[in-house]
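Below is one structure, written out as structure tokens, with a few remarks after it.
What follows draws every value from the coordinates through simple rules; no lab data is involved. Since the model is a prediction, treat every value here as computed from it, not as a measurement. Don't worry about glycine lacking a Cβ; one is built from the backbone with ideal geometry, like all the others, and counts go over all protein chains shown.
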């Protein structure tokens with residue numbers, strides 16, 4: 001009986017001392033696992049082992065070009081810029097040939113712009129009716145792309161200036177791009193379709 005009591009007491013002590021020890025070890029293990037997970041997530045957020053730096057977003061580049069144009073009186077009122085994948089499409093109508101050259105030069109001054117596509121015309125601005133027609137053409141083409149399941153419409157940027165459609169973006173294939181261009185050509189009042197779309201090889 002005495003031996004049984006001693007063993008029971010010893011067993012109780014072992015249980016009392018071992019259980020907290022295991023609990024502490026388990027808690028430390030969980031804490032270390034949590035810390036490791038946090039560090040891993042932080043590494044992913046910062047781009048892993050590299051610098052993790054990416055180029056400025058396209059809207060930021062567009063605003064930067066407009067800021068450059070703001071140094072020339074009236075330039076922002078006459079011209080527009082659309083940026084896709086670092087490629088800047090310049091449209092609108094400059095007052096003179098020199099002004100058009102200056103607009104292109106200023107666009108190239110923006111850090112992050114990879115290419116400048118100059119589609120700036122020279123002469124009087126479009127009338128309000130012309131702008132309404134351009135907006136209607138853009139809406140027509142956008143609707144056609146959205147309703148075609150064989151076209152990834154989000155890959156395309158559409159700008160219509162003086163009834164000329166300018167396409168930018170990345171096509172999944174030449175077949176897809178040809179399909180988009182066919183839609184554009186068959187819209188009423190369209191004079192020309194100009195494609196600056198990148199096609200994978």
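Which value in Å is the Kirkwood Rh of the stretch 128-198 over different Cα pairs? Could you put the intermediate results ahead of the total?
Working: mean 1/r = 0.0837 Å⁻¹.
Kirkwood radius, the stretch 128-198: 11.9 Å.
If you count, for each residue, the other Cβ atoms within 10 Å and average over each peptide, how do 153-165, 104-116 line up from highest to lowest?
Details: 153-165: 19.1, 104-116: 15.8.
Averaged packing, sorted descending, gives the order 153-165, 104-116.
So how much slack lies between residue 118 and residue 132, counting 0.36 nm per residue of separation and subtracting their Cα-Cα distance, in nm? Walk me through the numbers before you get to the answer.
On the way: separation 14, 0.36 × 14 = 5.04 nm, distance 2.28 nm.
Extending this stretch completely gives an extra 2.8 nm.
Which percent, to the nearest 5, of DSSP beta bridges fully inside the stretch 159-201 are antiparallel?
Details: 3 of 10 bridges.
Of the beta bridges lying entirely in the stretch 159-201, close to 30 percent run antiparallel.
Express the relative contact order of the stretch 128-198 as a whole percentage, based on alpha carbon pairs under 8 Å and six or more residues apart in sequence. Spell out each step's value before the answer.
Values: 99 pairs, mean separation 23.4, N = 71.
Across the stretch 128-198, relative contact order equals 33 percent.
Compare the peptides 58-69, 178-189 by average per-residue count of other Cβ atoms within 10 angstrom and give them in order, highest first. Write out the running numbers ahead of the final one.
On the way: 58-69: 17.7, 178-189: 15.7.
Result, highest mean first: 58-69, 178-189.
Only bridges with both residues in the stretch 58-122 count here: give the DSSP antiparallel percent, nearest 5.
On the way: 6 of 12 bridges.
Of the beta bridges lying entirely in the stretch 58-122, close to 50 percent run antiparallel.
Please give the FRET efficiency for residue 63 paired with residue 191, using the beta carbon to beta carbon distance and R0 = 35 Å, rounded to the nearest 0.05.
Details: r = 30 Å, r/R0 = 0.86.
The pair residue 63/residue 191 has a calculated efficiency of 0.70.
For residue 97 paired with residue 146, estimate the spin-label separation in nm (one decimal), with each label point 7 Å from Cα along the Cα-to-Cβ line.
A separation of 4.3 nm, rounded to one decimal place.
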